[in-house]
Every structure is written in structure tokens, then in C-alpha cells.
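The values are calculated or read from the model by the stated rules, or taken from the named source; none is laboratory data. Source: prediction; values computed, not measured. All Cβ positions, glycine included, derive from the backbone under ideal geometry; neighbour counts span all protein chains shown.
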Amino acid sequence: MCEVFSVSHSGYYRWIKADGEEEDKPDTLDDTIRSSFQASRHTYGSPRIVLDLKQQGIEVSASTLRSMRMQVEQELEMHLRT
């Protein structure tokens, strides 16, 4: 298969491994952000959640965390309204 697509064997297997990791990361990260945000009684902002995640051994960029945190906040607001 690698010869058909003209890619190296190591490049192919790296792509396969990375593809599976990307699918698992958002769900796990979303749950972790949600629990950290709820544990702070909805007071932590992105910088404090980044520090909280680093203490747990999870590396995430501030911009990724900010967009995911805003989604979590919106979901919580929608849930509280209904």
C-alpha cells in the first residue's frame, strides 16, 4: 500500500497512529475541562484551567482551551435555561 501512494512505511504508520490519537483527544479533553471548570464553581478562566491541566500532566494550548471552555459555558447556560 505504501508503494501505491508513494509514502514511506514509517510515515504511513505515524499517520495511522496520529489519526487515532486525534479522535480520542477532544472527548477526553472536553470532559477534563468541564470537570475543572465545574470544580472551580465556574470561576476559573482559561489561564487557570491551563495551569490546572498542566498539574494533571495534560498539555494544551491556551487558544484551544479557550474555544473549548466557551463551548462548555454555552452548553451549561443552555442546560440551566431549560
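Here is a check on your reading of the model: is Val50 closer than 16 Å to Met70 by Cα, in a helix (DSSP H, G or I) and either modelled with pLDDT of 80 or more or over 19 Å from the mean Cα position of the chain (by Cα) (or both)?
On the way: closer than 16 Å to Met70 by Cα: yes; in a helix (DSSP H, G or I): yes; either modelled with pLDDT of 80 or more or over 19 Å from the mean Cα position of the chain (by Cα) (or both): yes.
When the stated conditions are applied, Val50 passes them.
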- Residue that is modelled with the lowest pLDDT, among those in region 53-82 that are assigned to a helix (DSSP H, G or I) and in contact with a Leu (Cβ under 9 Å, 6 or more places away or on another chain): Met68
